[in-house]
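Below is one structure; the comments refer to it alone.
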Amino acid sequence: MKRVLVCGSNGLLGQRLAWLLDSDDEYEVLHSSHHRSFVQNEILIDYTQLDISNRSDVKSLVTSFRPDVILNAAAMTNVDACERERELAWKMNVTAVENLVEVCRKIDAKLVHVSTDYVFDGKTVTILKATGSIR
């Protein structure tokens with residue numbers, strides 16, 4: 001049985017991942033989220049509150065659960081808010097991922113980081129296509 005930590009379990013993507021993984025007996029899943037409430041209240045999934053931008057909290061939770069895989073669906077996704085609140089956007093979209101990468105290296109876990117398919121260079125927009133499976 002694979003142990004999977006899902007970060008961002010209360011977001012739209014995270015809730016879908018949670019629903020899919022919880023229906024498969026092949027996985028032991030720990031759901032985590034920064035927020036206390038779900039986007040879709042009809043989906044009831046237990047989760048642990050975790051701020052992945054807090055290095056010591058990430059280290060503590062991950063070293064105690066020891067997942068084989070971390071699925072990161074957590075991010076600050078509102079483009080306009082990211083432009084207005086650059087420090088917060090950096091904390092949520094860069095520092096948080098660095099924390100996950102660091103702890104994955106220490107416990108030899110895989111990290112699957114889900115991100116946008118848009119790449120912004122300030123001048124043009126390039127759309128990248130990728131496919132993959134968590135299995």
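Annotations for the structure displayed:
- Close amide H pairs (under 5 Å, H built 1.01 Å from N) link VAL29 with VAL4, residues at least 5 positions away or on another chain.
- If a spin label sat at a point 7 angstrom from the Cα of ASN54 along the line to its beta carbon, the backbone N atoms of the stretch 19-35 nearer than 13 Å would be those of 33-35.
- If you plug the beta carbon distance of ARG86 and GLU28 into 1/(1 + (r/R0)^6) with R0 = 41 Å, you get a FRET efficiency near 0.65.
Quick note: the coordinates plus some simple rules give every number you see, no bench work behind them. A quick note: this is a predicted structure, and the numbers were derived from the prediction, not measured. So basically every Cβ, Gly included, is an ideal-geometry build from the backbone, and we count neighbours across all protein chains shown.
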